[in-house]
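Data block below; observations after.
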Amino acid sequence: MLEVNDLHVSYGAVNAVRGVSMSASAGRITLVLGSNGAGKTTSLRAIHGLLKARSGSVKLDGKEILGRSAHRQVRQGVVMVPEGRRIFPSLTVEENLRMGAYTVSRPDAQRTVAGIYEKFPILSERRSMPGGLLSGGEQQMLAFGRAMMSQPKVVLLDEPSMGLAPGMVDRVMSRVREMADTGIAVLMVEQNADAALAVADDVVLVQRGEVVWTGTAENAQSDTALVHAFLGEA
Ligand code: ATP
């Protein structure tokens with residue numbers, strides 16, 4: 001569904017991403033692992049048109065989308081949940097959700113909000129509360145809910161577990177699994193390898209701007225040398 005090929009991104013003279021290829025398929029979670037500064041966030045931002053790539057290709061259902069703005073990509077079905085969630089703290093939960101629905105018609109948005117409240121009862125309970133008053137885990141649910149408002153085919157997730165209490169991390173990962181199980185293709189960057197491997201299908205390991213390993217989550221978990229190499233660097 002989403003195919004990234006030979007992506008290169010530079011910050012001036014720094015070649016942060018050097019020929020990265022990865023893909024995400026409907027109903028599956030592709031997990032991107034790598035130590036700090038490996039180029040994971042840079043890759044996601046370039047894929048989503050938030051940074052200019054030097055070269056490469058990003059295809060959505062076979063059609064080139066690299067260079068298209070994030071705004072256009074959302075209309076085409078690719079949405080990103082950024083690191084730190086970026087919810088609007090002074091807007092209510094419901095207003096935050098509606099901000100994600102600018103690509104859909106009003107009746108559709110109404111139906112989608114109702115569907116999200118069904119999936120995330122905590123958001124329904126808190127619907128009139130300013131987003132900034134939610135706990136970290138609740139804010140992450142809100143960020144997921146907001147992303148779902150545009151009825152996406154592909155969701156790009158940047159470190160959804162960041163800053164969350166350990167107990168909350170597994171709950172957030174279960175939500176990511178549920179998201180994929182509805183048929184969405186998920187491309188997720190995570191530092192929390194153990195929790196993320198437990199729900200992922202495919203793994204891409206990135207080091208110094210390059211992909212050094214790809215395989216199934218099962219193989220990644222049983223390949224202790226790989227895990228040690230990764231954890232040793234992390
Ligand atoms: P993290 O988990 O810490 O976000 P990451 O794998 O997502 O790590 P990136 O943030 O993509 O890594 O950074 C990749 C490289 O690009 C690093 O060497 C980083 O120092 C560099 N870099 C990131 N942002 C900028 C920037 N705005 N200007 C210059 N260099 C940058």
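The values are calculated or read from the model by the stated rules, or taken from the named source; none is laboratory data. This structure is a prediction, so every number in the text was calculated from the model and none was measured. With ideal geometry, Cβ positions are generated from the backbone for all residues, glycine too; neighbour counts draw on all protein chains shown. Ligands, DNA and RNA are excluded from the accessible area calculation, which covers all protein heavy atoms including side chains. Shrake-Rupley method; radii C 1.70, N 1.55, O 1.52, S 1.80 Å.
Structure above, values below:
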{"item": "Residue in region 59-74 that is open to solvent by less than 70 Å² (accessible area, probe 1.4 Å), farther than 15 Å from LEU156 by Cα, within 16 Å of the ligand (Cβ to nearest atom) and of a type in the set (Gly, Ala, Ser) present", "result": "no"}
{"item": "Cβ pairs under 9 Å, 6+ apart, first in region 108-125 and in contact (Cβ under 8 Å) with a residue 40 or more places away in the chain and more than 16 Å from MET179 (Cβ to Cβ), second buried (at least 16 other Cβ atoms within 10 Å of the Cβ) and polar (S, T, N, Q)", "result": "ASP108/GLN151"}
{"item": "Options ARG106, ARG146, ARG177, ARG127; residue that is within 15 Å of the chain's Cα centre (by Cα) and surrounded by fewer than 16 Cβ atoms within 10 Å (Cβ to Cβ)", "result": "ARG177"}
{"item": "Any chance LEU205 is within 30 Å of SER55 (Cα to Cα), within 16 Å of the ligand (Cβ to nearest atom), at pLDDT 95 or above and of a type outside the set (Ser, Thr, Tyr)", "result": "no"}
{"item": "Sole residue being farther than 24 Å from GLN73 by Cα and in a helix (DSSP H, G or I), chosen from GLY167, GLY163, GLY215", "result": "GLY167"}
{"item": "Flag if GLY67 is outside any helix (DSSP H, G or I) and modelled with pLDDT under 95", "result": "yes"}
{"item": "Positions within region 49-58 being crowded, with 19+ Cβ neighbours inside 10 Å and assigned to a strand (DSSP E or B), in sequence order", "result": "GLY56, VAL58"}
{"item": "Some residue of region 196-207 being free of Cβ contacts under 8 Å to residues at least 40 places away in the same chain, open to solvent by 10 Å² or more (accessible area, probe 1.4 Å) and under 18 Å from the mean Cα position of the chain (by Cα)", "result": "yes"}
{"item": "Restricting region 8-48 to residues that are open to solvent by 50 Å² or more (accessible area, probe 1.4 Å) and away from the ligand (no atom under 12 Å from the Cβ), the residue that is nearest to VAL199 (Cα to Cα)", "result": "ARG28"}
{"item": "ALA101 vs. criteria under 24 Å from MET141 (Cβ atoms), in a loop (DSSP other than H, G, I, E, B), more than 16 Å from the ligand (Cβ to nearest atom) and without any contact (Cβ under 8 Å) to a residue 60 or more places away in the chain", "result": "yes"}
{"item": "Region 71-90 - residue that is under 21 Å from MET1 (Cα atoms) and assigned to a loop (DSSP other than H, G, I, E, B) and, of those, nearest to the chain's Cα centre (by Cα)", "result": "PRO82"}
{"item": "Which numbered condition ASP223 fails, given (1) acidic (Asp, Glu); (2) buried (at least 21 other Cβ atoms within 10 Å of the Cβ); (3) more than 16 Å from the chain's Cα centre (by Cα)", "result": "(2)"}
